[in-house]
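Report on one structure; see the data block that follows.
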Amino acid sequence: MLNIFFDLDGTLLDSQSGIIQSLQHALTETAGIEPSSDELRPMIGSSLPHILGNFLGPHGEVADAINHYRDFYQEEAMFDAEVYDGVFEMFDTFMTAEVGLYIATSKPHAFANQIAQHFGLTDAITHVFGSELDGTNSDKSSLLQYALDETGFEPAKCIMIGDREMDIFGAKNNDINNIGALWGYGAAEELRMAEADMMAGHPEEVAEIAYDMMGMDAG
């Protein structure tokens, strides 16, 4: 059976508005700086400590910034997002073929589960794999290793779909097939440099590409 792991932000959800507002709030409250949306958008998909540390420096108050981020995000911005066009149609196509669908996000699963439920993703998604609040499994390689350990899936029968290089690297580090999502926050060049196995320009293209990769009949 084919099992597919989807990144969340930038792959299933266009969630940049809420994330950027939360980052700006955290950095303003912690250090009095407010990066522009253009500066922050390319970082979406990286772990929160990495993004905040990039602006605060090695001796910055990253832990305080994370707390400011999470407080604002939960109260104001968690559901400031939209499901990308074609995602539910993509899900329907996979479910018709009895493909297992999962989310693998660096976002804490405490938040990711709420978001998936709010936007109706859990109607198709079997389980949400996310990081812990202490940062455990915020790296995609360790997250996917954890997901494989928990499910017992064979990597060769899995595909990771994501819009950033860390999704591709995480998949490769676990011998998982991968598809770059060109509609998200990562540029096509980023995904090419990461040597994504394949790339898709729209969610509704994904199923056919996935079936071709795995030698399956799209039926």
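By what distance, in whole Å, do the Cα atoms of the range 105-219 stretch along each of the three principal axes, largest value first?
Principal axes ranked by extent give 36, 31, 29 Å for the Cα atoms.
Tell me the angle of helix 87-96 to the major Cα principal axis of the chain, expressed in degrees between 0 and 90 and rounded to the nearest ten.
The answer is roughly 30 degrees.
For Rg and Dmax of the Cα atoms in Å, which listed value, (i) 26.0, 105; (ii) 18.2, 57; (iii) 16.8, 56, comes from the coordinates shown?
Read-out from the structure maps to (iii).
Lys and Arg at +1, Asp and Glu at -1: add these up for the other residues within a Cβ distance under 14 Å of Asp123 and post the number. Show your work: numbers first, answer last.
Values: positive: none; negative: Glu89, Asp92.
Summing Lys and Arg as +1 and Asp and Glu as -1 gives -2.
Hey, with R₀ at 41 Å, roughly what FRET efficiency would Ala31 and Glu89 work out to, going by the Cβ-Cβ distance, to 0.05? Can you show the working numbers first?
On the way: r = 43 Å, r/R0 = 1.05.
E between Ala31 and Glu89, to the nearest 0.05, is 0.45.
Go ahead and collect, in residue order, the members of the range 100-116 whose backbone nitrogen is under 19 Å from a label point 7 Å along the Cα-Cβ direction of Lys157.
100-103
Return, for the Cα atoms of the range 82-143, the radius of gyration and Dmax in Å, separated by a comma.
Just the Cα atoms of the range 82-143 yield Rg and Dmax of 12.5, 38 Å.
Read-outs throughout are calculated quantities, based only on the coordinates presented, and are distinct from any laboratory measurement. Every value quoted in this text rests on a predicted model; they were computed, and no experiment measured them. A quick note on method: Cβ atoms are made from the backbone with ideal geometry, for glycine too, and the neighbour counts reach across all protein chains shown.
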